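S.K.: I have a structure here, written as structure tokens, and I will follow up with some questions on it.
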Amino acid sequence: MMIYNLLLALITLGEGWHNNHRYYPASERQGFYRWEIDITHYILKLLSWLGIGWDLKTPPEKIYD
């Protein structure tokens with residue numbers, strides 16, 4: 001099942017992990033774990049480094065338990 005989510009995440013730029021975003025909607029990040037590839041998050045992170053985007057919130061540690 002996880003391989004299908006990974007393939008879907010690659011094709012849809014991270015939407016395969018949208019259930020994580022529903023669990024913690026304050027975060028723009030959808031792939032919470034390292035192995036959950038979220039290309040949209042990487043793009044938004046790059047834009048924040050360039051000063052174009054800001055106020056990106058990451059999930060708190062309690063979400064990972």
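The values are calculated or read from the model by the stated rules, or taken from the named source; none is laboratory data. Keep in mind that what you see is a predicted model, and the values were worked out from it rather than measured. Here Cβ is always computed from backbone atoms with ideal geometry, including for glycine, and neighbour counts include all displayed protein chains.
S.K.: Pick from Y64, Y33: which is more than 11 Å from the chain's Cα centre (by Cα) and of a type in the set (F, W, Y)?
M.R.: Details: Y33 fails: more than 11 Å from the chain's Cα centre (by Cα).
Being more than 11 Å from the chain's Cα centre (by Cα) and of a type in the set (F, W, Y) holds for just one of Y64, Y33, which is Y64.
S.K.: Being assigned to a loop (DSSP other than H, G, I, E, B) and either under 13 Å from L13 (Cβ atoms) or modelled with pLDDT under 85 (or both) is the filter here; which residues of region 34-58 pass it? Can you show your working first?
M.R.: Here is the first cut: in region 34-58, the residues assigned to a loop (DSSP other than H, G, I, E, B) are 34-38, 50-58.
Once the filter is applied, which keeps residues that are assigned to a loop (DSSP other than H, G, I, E, B) and either under 13 Å from L13 (Cβ atoms) or modelled with pLDDT under 85 (or both), region 34-58 yields R34, W35, E36, I37, D38, T58.
S.K.: Answer yes or no as to whether T40 is under 13 Å from the mean Cα position of the chain (by Cα), loosely packed, with under 15 Cβ neighbours inside 10 Å, of a type in the set (S, T, Y) and at negative phi.
M.R.: On the way: under 13 Å from the mean Cα position of the chain (by Cα): yes; loosely packed, with under 15 Cβ neighbours inside 10 Å: no; of a type in the set (S, T, Y): yes; at negative phi: yes.
No, not satisfied.
S.K.: Do any residues in region 1-21 that are closer than 17 Å to Y42 by Cα have Cβ atoms under 7 Å from those of residues that are assigned to a helix (DSSP H, G or I) and of a type in the set (S, T, Y), where the two are at least six apart or on different chains, and which pairs are they?
M.R.: Cβ pairs passing all conditions: L13/T40; G14/T40.
S.K.: Sticking with this structure for a sec: Which residue is farthest from L7 (Cα to Cα), if the candidates are limited to region 44-59 and must be touching a residue at least 12 places away in the same chain (Cβ under 8 Å) and not basic (K, R)? Full working, then the answer.
M.R.: The initial filter retains those residues of region 44-59 that are touching a residue at least 12 places away in the same chain (Cβ under 8 Å), namely 44, 56-59.
So of that shortlist, the ones also not basic (K, R) come out as 44, 56, 58-59.
Numbers: L44: 21, L56: 25, T58: 23, P59: 23 Å.
Only one residue fits best here, namely L56.
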